[in-house]
Amino acid sequence: MEDGSSARAPKSDQGRQPSDYAGAIYGSLLAASVVAGTSPGHEPAPVGQLIVLLLATGVVFWLAHVYAAMVGERSAELLSLSKYRASARREWPIVQAAVPPAAAAGVGALLGLSDAGAAWLALAVAVGSQLAWALYVAAKAGATRWGMAVSGLVYLVLGLLIVALKALLSH
């Protein structure tokens, strides 16, 4: 007999976590922030340093989110390896979100862009990813066109605030 405190997943979904795209959206915003923060003063960070910083920041924040989720649950199974694995999988989109901007910076360098040009390309990809994830999630949730527009606008404004910050730090 069930106590009613937890709903059972359909048989096909048992053992799988529901999709959670918050990490992808958060990770994209984090990546944009990293790119913006690498241009203190007038000189941008070298592309290689930017790539390492993007990926390392994604991994560190992923680890922090996994740890915070585990501590936040205050579970008697705090040391359960299976719970850590589940949390790590759930939070992995934070790391994944750092990959496209890092790749964009690398491609920009291969195409002959300056460090600043590659950083701007990485920032555009990070903001574009953030907007795309927001629209995808809204559509998947069944939002109306108006709801999707509002969701996209909110995340676009957040991304543009990061762009403005980078522009101010670059001058």
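The values are calculated or read from the model by the stated rules, or taken from the named source; none is laboratory data. Computed from a prediction, not measured in an experiment: that's the story for all the values here. Cβ sites come from the backbone with ideal geometry, for glycine too, and all protein chains shown count toward neighbours.
Quickly run through the stretch 139-156 and pick out the residues that are in a helix (DSSP H, G or I) and either hydroxyl-bearing (Ser, Thr, Tyr) or within 16 Å of the chain's Cα centre (by Cα) (or both).
Ser151, Gly152, Val154, Tyr155, Leu156 - these are the residues of the stretch 139-156 that are in a helix (DSSP H, G or I) and either hydroxyl-bearing (Ser, Thr, Tyr) or within 16 Å of the chain's Cα centre (by Cα) (or both).
All but one of (1) over 23 Å from Val34 (Cα atoms); (2) more than 17 Å from the chain's Cα centre (by Cα); (3) not β-branched (Val, Ile, Thr) hold for Lys166; which doesn't?
(1)
Can you run down the residue pairs with Cβ atoms below 7 Å, 6 or more apart or on separate chains, where the first is in the stretch 151-168 and more than 15 Å from Ala139 (Cα to Cα) and touching a residue at least 12 places away in the same chain (Cβ under 8 Å) and the partner is of a type outside the set (A, V, I, L, M) and not in a helix (DSSP H, G or I)?
Lys166/Ser39
Residues checked against (1) among the aliphatic types (A, V, I, L, M); (2) crowded, with 16+ Cβ neighbours inside 10 Å:
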| position | (1), (2) |
| --- | --- |
| Leu50 | yes, yes |
| Tyr67 | no, no |
| Ser80 | no, no |
| Ile94 | yes, yes |
| Pro100 | no, yes |
| Ala105 | yes, yes |
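Tally the residues that are without any contact (Cβ under 8 Å) to a residue 60 or more places away in the chain and β-branched (Val, Ile, Thr), restricting the search to the stretch 100-130.
The number of residues fulfilling the criteria is 2.
From the list Leu63, Leu121, Leu54, exactly one residue is within 21 Å of Ala164 (Cα to Cα), under 16 Å from the mean Cα position of the chain (by Cα), part of a helix (DSSP H, G or I) and at pLDDT 90 or above. Which is it?
Answer to the selection: Leu54.
Quick one: would you say Gly72 is modelled with pLDDT of 90 or more, more than 16 Å from the chain's Cα centre (by Cα) and not aliphatic (A, V, I, L, M)?
Details: modelled with pLDDT of 90 or more: no; more than 16 Å from the chain's Cα centre (by Cα): yes; not aliphatic (A, V, I, L, M): yes.
In short, no.
Go through the residues of the stretch 87-99 one by one and say whether even a single one is without any contact (Cβ under 8 Å) to a residue 60 or more places away in the chain, under 23 Å from Leu50 (Cβ atoms) and out of contact with any strand residue (DSSP E or B) (no Cβ under 8 Å at 6 or more places or on another chain).
yes
If Ser87 satisfies every condition in (1) modelled with pLDDT under 90; (2) polar (S, T, N, Q); (3) over 20 Å from the mean Cα position of the chain (by Cα) but one, which is the exception?
The one condition Ser87 does not meet is (3).
Scanning for something closer than 26 Å to Ala164 by Cβ, of a type outside the set (S, T, N, Q) and either modelled with pLDDT of 95 or more or in contact with a His (Cβ under 9 Å, 6 or more places away or on another chain) (or both), does the stretch 36-47 turn up at least one residue?
Yes, the stretch 36-47 contains a residue that is closer than 26 Å to Ala164 by Cβ, of a type outside the set (S, T, N, Q) and either modelled with pLDDT of 95 or more or in contact with a His (Cβ under 9 Å, 6 or more places away or on another chain) (or both).
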